[in-house]
1. Mind checking which pairs have a first residue in the range 140-155 that is of a type in the set (K, R) and a second that is not in a loop (DSSP other than H, G, I, E, B), Cβ under 9 Å, 6 or more apart or different chains?
2. Identify, by number, the condition in (1) among the polar types (S, T, N, Q); (2) under 29 Å from A232 (Cα atoms); (3) outside the structural domain of L200 (by TED's automatic domain parsing) that N68 doesn't meet.
3. Given the criterion of a type outside the set (K, R) and assigned by TED's automatic domain parsing to the domain that holds L154, identify the matching residue among G293, G226.
4. Applying the selection to the range 258-277, what residues are surrounded by fewer than 17 Cβ atoms within 10 Å (Cβ to Cβ) and of a type in the set (F, W, Y)?
5. Among the listed residues L8, L66, which satisfies the condition of being of a type in the set (A, V, I, L, M), out of contact with any Cys (no Cβ under 9 Å at 6 or more places or on another chain), in a loop (DSSP other than H, G, I, E, B) and open to solvent by less than 50 Å² (accessible area, probe 1.4 Å)?
6. Taking A122 and the conditions (1) assigned by TED's automatic domain parsing to the domain that holds A261; (2) open to solvent by 70 Å² or more (accessible area, probe 1.4 Å); (3) among the small types (G, A, S), which numbered condition does it fall short on, given that it satisfies the others?
7. Answer yes if at least one residue in the range 49-60 is of a type outside the set (G, A, S), over 22 Å from L101 (Cβ atoms), open to solvent by less than 40 Å² (accessible area, probe 1.4 Å) and in contact (Cβ under 8 Å) with a residue 40 or more places away in the chain, and no otherwise.
8. Can you tell me which residue is nearest to ligand 2 (Cβ to nearest atom) among those in the range 78-104 that are open to solvent by 10 Å² or more (accessible area, probe 1.4 Å) and outside any loop (DSSP other than H, G, I, E, B)?
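The values are calculated or read from the model by the stated rules, or taken from the named source; none is laboratory data. Treat the numbers as computed from the prediction; the structure is a model and nothing was measured. Cβ atoms come from the backbone with ideal geometry, glycine included; neighbour counts cover every protein chain shown. For the accessible areas, the whole protein counts, side chains as well, though only heavy atoms, and no ligand, DNA or RNA atoms are used. Shrake-Rupley method; radii C 1.70, N 1.55, O 1.52, S 1.80 Å.
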Amino acid sequence: MVDEKPGLLLIGDATERMRARFSSEFTVHDSAASSVDQILASHADRIIAVATNGHDGIKPQIMAALPNLKIISCYGVGYDAIDANTAAKRGIIVTHTPNVLNDEVANTAILLLLGVARDFVANDAYVRAGRWSTDGNAPLSRSIHGMTVGILGLGRIGETIAEKLKAFGCKVVYHSRNRKPVDLTYYSDLKEMAQASDALICITPGGAATRHLVNEEILDALGPTGILVNVARGSVVDEAALVEALNSGRIGGAGLDVFEAEPVVPKALFGMPNVILQPHVGSATVETRRAMGDLTCDNLSQFLVDGTVLTPVPECSDLV
Ligand code: NAP
Ligand code: 8YV
């Protein structure tokens, strides 16, 4: 029987709901089921779509080996693992999932900040170890009420974090390359903002332009009681410098959802009670992943209807 459906290469994870949508419109080639080389050797010409995620993206050699590729739909808002400029030059539309995850990722950032400030994980361990009975009350923690919180990257998620932090009584300030039309104090200089902040929350995109924006100098500016939260990409923070700053008490604590070589996490962090570690779960609730999955599929469906998409990345907006 002749296969009438166009081909879709699936890279990385997808939910059952997404797989059902993909299969209804495409012949799906799952790179987890057979090797990408085998898929390319037999089906490269018929593949017009790639579904991937922010972590796996698409390797340049795979993009180059798909001559009829028209759309790359990313299950996530961050697309630093996809070369969107090369895609745009080839007329390939890259889409992502902005906005539908703002609340979830903002909640994760605030959970990390509260968790570190209030010693939540260390206190949980204190109770489980029976120390409450033997050693008495746990040491006092710190309130985030009244803290100055610096947001590095005041975009869709950063603004949502800022809104929510106001309800916790924080003073929110921000740094990004451009001043935003918001009623918050802007710092054009990240180091100055870190000096003025009790906590620093990173929520920029990843990639070369933001690599190691938070380095030894910024950590020192944040200071010995400062808390670093990273829900952006591991690459935004110089992880070796962070481990060193935590080890030597030059910063107060850290809440980390993302890592430079994830899923590999520096073992030095494991024993630190002032650090909370999460396995890149900023958006990982059933509800939010469902909305992200639906948008990932809606972009593909819309493309099949009329060649447009709902949420192109900025580099590809002229193609729609
Ligand atoms: P967005 O709306 O594009 O916001 C990004 C912000 O970062 C903008 O305000 C931008 O402002 C600023 N920025 C970009 N480059 C910068 C630089 N070199 N220096 C300082 N600021 C810079 O993106 P979003 O939707 O909020 O998402 C942000 C990122 O969060 C994603 O790209 C992804 O990496 C990460 N994320 C993580 C998770 C998770 O699970 N942990 C989930 C979702 C998203 P300017 O252009 O003015 O600089
Ligand atoms: C996803 C993310 O976990 O949206 C992003 O940028 O980092 C997360 O929501 C990631 O895309 C992997 O699916």
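1. R142/V116; R142/A117; R142/I227
2. Condition (2) is where N68 drops out.
3. Working: G293 fails: assigned by TED's automatic domain parsing to the domain that holds L154.
Going through G293, G226 in turn, just one is of a type outside the set (K, R) and assigned by TED's automatic domain parsing to the domain that holds L154: G226.
4. F270
5. Values: L8 fails: in a loop (DSSP other than H, G, I, E, B).
Selected residue: L66, the only one of L8, L66 that is of a type in the set (A, V, I, L, M), out of contact with any Cys (no Cβ under 9 Å at 6 or more places or on another chain), in a loop (DSSP other than H, G, I, E, B) and open to solvent by less than 50 Å² (accessible area, probe 1.4 Å).
6. (2)
7. Of the residues in the range 49-60, the ones of a type outside the set (G, A, S) are 50, 52-53, 55-56, 58-60.
Those still in the list that are over 22 Å from L101 (Cβ atoms) too: 59-60.
When the remaining residues are screened for being open to solvent by less than 40 Å² (accessible area, probe 1.4 Å), the result is none.
For the range 49-60, residues of a type outside the set (G, A, S), over 22 Å from L101 (Cβ atoms), open to solvent by less than 40 Å² (accessible area, probe 1.4 Å) and in contact (Cβ under 8 Å) with a residue 40 or more places away in the chain: absent.
8. E104
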